[in-house]
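Each value in this text was obtained by applying a stated rule to the coordinates, not by laboratory testing. Since we're looking at a predicted model, the values are computed, not measured. Every residue, glycine among them, receives a Cβ derived from its backbone with ideal geometry; neighbour counts consider all protein chains shown.
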Amino acid sequence: MSHVLPHLPPDQLAAIEAAYATPPRAYHDYGHVQEVLRHYDAVAVGPGWARPREVRLAVLYHDAIYEAGRRDNEARSAELAVEQIARWLPEVEVHAGRVAELIHLTARHGQFGPGDFGDDPDSRDTRHFLDCDMAILGADPAVFDAYDRGIAAEYRGQVPAWLFKLNRRRFLKALLAKERIFLSDFFHARLDAQARSNLRRAINEKR
């Protein structure tokens, strides 16, 4: 059986897009998914994926449920992924548990280092998947700035502005202080320099 994920049933794709529209979001919307898929495709033609089906589904569902400030977004998104894979793709060979595992890991962005994972194919997939989601850090300055504003907009009204600014600056500084921002060599070589430039600028603007 081919490892390429077949076209999703129209009703499944509609359900995914509807999930990303609820509640309305300034960054974590379906446009974000499409951008992560662009990086997924870059990996596919570069170092490659060991389990492309599972990773692509993880990309599609990783922020399906998102409410700024909640700590269970990833867990709920993983549950939704497992449920909808069983509903819409019963005949497709997919390891739904692996999809859920990848989604759960996105709750810990910035906490991992390259040495936290092994060098087996699944571990390489994990590093590339997490880097795909964080590739926005190395985007062109205008795109990065729009992302930074979008995150602020999503938290507006959820936490006090001063607290968001404090926590956001702390998060960005922690990323900048890391020896490796990206976990994989593929993303490190392509995006590290631009990411550090973006982070330095954003941190200075939040003083």
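Given contacts defined as C-alpha pairs under 8 Å and at least six residues apart, what's the relative contact order of region 10-205, whole-number percent?
Answer for region 10-205 is 22 percent.
Length gain on complete extension for the stretch R170 to A42, per 0.36 nm per residue less the alpha carbon to alpha carbon distance?
43.0 nm
Enumerate the amide H contacts of I65 below 5 Å, restricted to partners 5 or more residues apart or on another chain; note that Pro and chain-start residues carry no placed amide H.
Under 5 Å from the amide H of I65: S77.
Compute the signed sum of charges (Lys and Arg +1, Asp and Glu -1) over the other residues within less than 11 Å, Cβ to Cβ, of V159.
+2
For region 1-90, which trypsin sites (Lys or Arg not before Pro) pass both filters: DSSP loop (anything but H, G, I, E, B) and at most 15 other C-beta atoms within 10 Å?
For trypsin sites (Lys or Arg not before Pro) across region 1-90 that sit outside H, G, I, E and B with at most 15 neighbouring Cβ atoms in 10 Å, the list reads R70, R71.
In whole Å, how far is the Cα centre of region 1-78 from that of region 144-207?
22
Which ³J(HN,Hα) values, rounded to whole Hz and listed in residue order, are derived for region 109-116 from phi using the Karplus coefficients 6.51, -1.76 and 1.60 in 6.51 cos²θ - 1.76 cosθ + 1.60 with θ = phi - 60°, glycine and proline given as x?
So the Karplus estimates, Gly and Pro as x, are 3, x, 9, 9, x, x, x, 6 Hz.
So for the chain, what are the equivalent ellipsoid semi-axes in whole Å, largest first, each being the square root of 5 times an eigenvalue of the Cα gyration tensor?
So the equivalent ellipsoid measures 28, 21, 14 Å along its semi-axes.
Using DSSP to define loop residues, name the trypsin sites (Lys or Arg not before Pro) in region 150-182 whose beta-carbon has at most 10 other beta-carbon atoms within 10 Å.
Qualifying residues, ordered by number: none.
Please give the net charge around D125, taking every other residue with its beta carbon less than 10 angstrom from that of D125, where Lys and Arg add +1 and Asp and Glu add -1.
Value of the local net charge: +1.
Around P9, with a cut-off of 14 angstrom between Cβ atoms, what is the net charge of the other residues, counting Lys and Arg +1 and Asp and Glu -1?
-2
Gaussian network model of the chain, Cα springs within a sub-10 Å range: biggest mean-square fluctuation belongs to which of A161, A18, A107?
Sorting by GNM fluctuation, first place goes to A161.
Of all GluC sites (Glu not before Pro) in region 1-94, which ones are in loop regions per DSSP and have a Cβ with at most 13 other Cβ atoms within 10 Å?
E91, E93
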